[in-house]
Every structure is written in C-alpha cells, then in structure tokens.
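The values are calculated or read from the model by the stated rules, or taken from the named source; none is laboratory data. Values in this document were obtained by computation on a predicted structure and should not be read as measured data. FYI the Cβ positions are ideal-geometry reconstructions off the backbone, even for glycines, and counts take in every protein chain you see. Heavy atoms of the whole protein, side chains included, go into the accessibility calculation; ligands, DNA and RNA do not. Shrake-Rupley method; radii C 1.70, N 1.55, O 1.52, S 1.80 Å.
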Amino acid sequence: MRPPVPPADAPTAVLADDVSMIFNIASEQFNSLKEYFIAAAKHELTFKEFRALDHISFEVKRGEAFGLVGTNGSGKSTMLKIIAGVLEPSAGKISVSGTIAPLIELGAGFDMELTAKENIYLNGALLGYRKDFIDEHFQDIVDFAELDGFMDMPLKNYSSGMVARIAFAIATVTEPDILIVDETLSVGDFLFQQKCERRIKELVESDNVTVLLVSHDISLVERICDRVCWIEKGHMRMLGETDEVCEAYRSLKR
Ligand SMILES: Nc1ncnc2c1ncn2[C@@H]1O[C@H](COP(=O)(O)OP(=O)(O)OP(=O)(O)O)[C@@H](O)[C@H]1O
C-alpha cells in the first residue's frame, strides 16, 4: 500500500517553473582530442543546440513521493540534476526548500582511490554532516550497507552494487528533507533493492521527507510514488496520480 498523500496545504518542497535545458553539442565528430583542439584553435568548432527539457513545470509538496518516468534520454536525470543544483537551467526557475541528499550519479561525491571508510567521511561532509555525526553513525552506515570488513578497501575495488550500497546508506542514515533517487538502486542485488525500498517507504511515511524517484521499474514507481510526471523527449507528457500516469506510460507504443 502506498503512503497517504500529504494534505493539499502542505508547503512546497520543489517548484519547477517553466524549466528548459539546452545543451550545446559539437556538430562535428572528432576522432581524437588533438583534432578537437586544432579545430578549436582555428575557431572552426561549431555547435548545435539540443533542447533536453522544454518548458517543464511541476510542484512537489513536502512529504510527497514524486516519480519521474520517461523513455531513455527523455531528460529525467537532467531534471534531477537541476533540482540538486548540479546543473543550472537554461531558462525557467527551480525553487527547493530544505536539504537534499542526491543519489544521482553512482560514484559522484566519491574518490575511487580512497578507502570506503574515507569515502564515507568525504561523502558525508559533502552532504553537510559534521565529523562527529559521522563518527556516531559510522557503524549504522556500515551495517545498513552490509559491508563490514570492506571498509579499508579502496573504492576502486568495489563492485558497482557495493558502491550503491555505501551511497544509499550514507544518504539515508538521517532524514534528509529531500531524497533524490535516480536508478541508483538498480545495480544493487534484489535483497538490497528490497531493503532500500523499505527505507524509502519509512522516510515517506515519516511525512518529513520528500522523495523524488526516477526509475524504469514502473512497479517500483507505483509502489512508492503518490504522483508521477511523465517526461518524453524533453516535453511534459502527463502529470497526475501514479496509477493513471503509469497506466498511460505502460501503453506507450513505438
Ligand atoms: N552534459 C550534456 N551534454 C550534452 N547533452 C546532454 C548532457 N547531459 C544530458 N544530455 C542529453 O540530454 C538528453 C536527456 O538526458 P538524460 O540523462 O536527462 O535522460 P534520461 O531521461 O535520464 O535518460 P535514461 O532513462 O536513459 O537515463 C539526452 O539526449 C542526453 O544525451
């Protein structure tokens, strides 16, 4: 069963107001970096604009679990990166209230040369946790990730699933105001995915945490989210109740 929808008068956690994102991509293909720099030195580089997001607007209420769905390359991660402040939109405005724990790119915020333990402190600091807070919660993080005995191993020797475990455990050791989860879980094994889903549900049910979830696992979106936004090729296709949007998305034909 999905958690109850927060009252309509709940304050806004995220407001996307007419957001567009345009990337400049090189019009020509280069075979090497050298060729690229030669073209740049000769002022022969030409770019074309690619509109990854086109006038997207939505509001996410505090405590709500909000899903973003859409086929590959539709702009979901770009939207999450704008919300997390990693990218600046080309046009439009994003307002976010509260602290964000972003699980967007696996390994972002980690240094692969450092040990897992050092990375917990590094990533924790990036999330705004004080050292004594991490000292206090270190074992909880290790226990949640189920990686006791691997803490002195450099992260470069971790599997992607192990990195995901550490990243998820750090991000949810406390209640962030906004938890952003972008496919991070998909590299974990099914037991860890179930554990993460339980933790996300706990956070949602606390009513204090707003969850933004991007996933190609539509059943997961249906189990967790109150409302869903379907972005297709940069355009807002549909915004509404989870069942309605997921049903429409599932019936998408090539
Ligand atoms: N830094 C960038 N420079 C140029 N183009 C980019 C950049 N980042 C994303 N894009 C393009 O923007 C589009 C949207 O990408 P995005 O990663 O947001 O899609 P997505 O919906 O998350 O896709 P997927 O489901 O495959 O993860 C894609 O065509 C992608 O190539």
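So the values come out like this:
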{"item": "Cβ pairs under 8 Å, 6+ apart, first in the range 68-91 and within 28 Å of ALA248 (Cα to Cα), second within 6 Å of the ligand (Cβ to nearest atom) and assigned to a strand (DSSP E or B)", "result": "GLY75/ALA52; THR78/ALA52"}
{"item": "Odd one out for ALA125 among (1) within 14 Å of the ligand (Cβ to nearest atom); (2) of a type in the set (Gly, Ala, Ser); (3) assigned to a helix (DSSP H, G or I); (4) open to solvent by 50 Å² or more (accessible area, probe 1.4 Å)", "result": "(1)"}
{"item": "Enumerated strands (runs of 3 or more DSSP E) restricted to the range 177-254, each holding at least 3 residues that are closer than 21 Å to PRO11 by Cβ and open to solvent by less than 20 Å² (accessible area, probe 1.4 Å)", "result": "178-182, 210-214"}
{"item": "Members of the range 73-104 found to be open to solvent by less than 20 Å² (accessible area, probe 1.4 Å) and more than 10 Å from the ligand (Cβ to nearest atom), listed by number", "result": "ILE83, ALA101, LEU103"}
{"item": "Any hit, the range 98-105, residues being of a type in the set (Ser, Thr, Tyr) and touching a helix residue (DSSP H, G or I) at 6+ places or on another chain (Cβ under 7 Å)", "result": "no"}
{"item": "Some residue of the range 31-45 being within 25 Å of LYS233 (Cα to Cα) and surrounded by 14 or more Cβ atoms within 10 Å (Cβ to Cβ)", "result": "no"}
{"item": "In the range 128-158, the residues that are touching a residue at least 24 places away in the same chain (Cβ under 8 Å) and not in a helix (DSSP H, G or I)", "result": "GLY128, TYR129, GLU146, LEU147, PHE150, MET151, ASP152, MET153, PRO154, TYR158"}
{"item": "Scan of the range 23-71 for residues that are under 31 Å from the mean Cα position of the chain (by Cα), more than 15 Å from the ligand (Cβ to nearest atom) and basic (Lys, Arg), ordered by number", "result": "LYS61, ARG62"}
{"item": "Residue match in the range 233-252 (condition: more than 11 Å from VAL69 (Cα to Cα), of a type in the set (S, T, N, Q) and free of Cβ contacts under 8 Å to residues at least 12 places away in the same chain)", "result": "yes"}
{"item": "Residue under evaluation GLY107, criteria (1) within 15 Å of the ligand (Cβ to nearest atom); (2) at pLDDT below 95; (3) surrounded by 13 or more Cβ atoms within 10 Å (Cβ to Cβ); (4) of a type outside the set (A, V, I, L, M, F, W, C), criterion not met", "result": "(1)"}
